[in-house]
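Presented below is the structure to which this report refers.
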Amino acid sequence: MIEVKKPASEQDWDAYYDLRYRILREPLGKERGSERNEGDETGIHFTLVENNVFIAVARLDSVDETVCQARFVAVESHLQGKGYGRKIMTALENEAQNLGYRKLILHARDYALPFYERLGYTLVGPSYKLFDVLQHFEMFKILS
Ligand SMILES: CC(C)(COP(=O)(O)OP(=O)(O)OC[C@H]1O[C@@H](n2cnc3c(N)ncnc32)[C@H](O)[C@@H]1OP(=O)(O)O)[C@@H](O)C(=O)NCCC(=O)NCCS
């Protein structure tokens, strides 16, 4: 059975950051550790897990009282395209709504734009370049 969980044990945290690193940083030639930042202490962390195997990860950050942000969304490489990205984003959006946020923003990599558009996000425009190379695009969704 696939479950949405919050990482709890040391083993969970290792698997969580390992998946984030392998999907979001290793392909960019970055070293381990680059997958973490200060927001990890305050963010809400989500995982999709099946039989202790981590399938997907995501983090929800607060921006202000009504706006929140999804960050570090990643699905295990051989499991992409099977609905797991949608599943973890739905869990994150539901929690954001329950916490009282009205708007969810994110900065998507160019190749993830169609995924977020499919999930109902609206494109605002280009935002920043990660490590000076990977163009990101700001998107938002009104939570209702
Ligand atoms: C982007 C990512 C999170 C999407 O997760 P996923 O599990 O592969 O996507 P899903 O299978 O849940 O797709 C959900 C919907 O988006 C659509 N979709 C996904 N990628 C798409 C693409 N490149 N083009 C068009 N549609 C796409 C799917 O067809 C699906 O539509 P449906 O539910 O109406 O049938 C995942 O592929 C990933 O981790 N990629 C590498 C890391 C990354 O880019 N992370 C995001 C950083 S901003």
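Numbers below:
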{"item": "Computed E for Ile142/Arg109 - FRET, C-beta separation, R0 22 angstrom, nearest 0.05", "result": "0.50"}
{"item": "Distance between modelled label sites at Leu99 and Ile2, nm, 7 Å Cα→Cβ extension", "result": "2.3"}
{"item": "Ser34 versus Thr90: modelled label distance in nm, points set 7 Å from Cα along the beta carbon direction", "result": "3.4"}
{"item": "Inter-probe distance in nm under a simple model that places probes 7 Å from Cα toward Cβ, at Ser9 and Leu130", "result": "2.9"}
{"item": "Karplus-derived HN-Hα couplings along segment 70-77 (A = 6.51, B = -1.76, C = 1.60, θ = phi - 60°), whole Hz, x at Gly and Pro", "result": "8, 9, 6, 8, 8, 10, 3, 4"}
{"item": "Chymotrypsin sites (Phe, Trp or Tyr not before Pro) within segment 8-57: DSSP coil, no more than 12 neighbouring Cβ in 10 Å", "result": "none"}
{"item": "Qualifying trypsin sites (Lys or Arg not before Pro) for segment 1-84 [loop in DSSP, other Cβ within 10 Å: at most 16]", "result": "Lys30, Arg32, Arg36, Lys82"}
{"item": "Lysines with Cα under 24 Å of Lys5, excluding same-chain neighbours fewer than 8 positions away", "result": "Lys82, Lys87, Lys103, Lys141"}
{"item": "Local net charge near Ala96, Cβ-Cβ under 12 Å (Lys/Arg +1, Asp/Glu -1)", "result": "+1"}
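Read the figures in this text as sums done on the coordinates, not as results from a lab. The structure displayed is predicted, hence computed values, not measured ones. Positions of Cβ are backbone-derived with ideal geometry, glycine not excepted, and every protein chain shown enters the neighbour counts.
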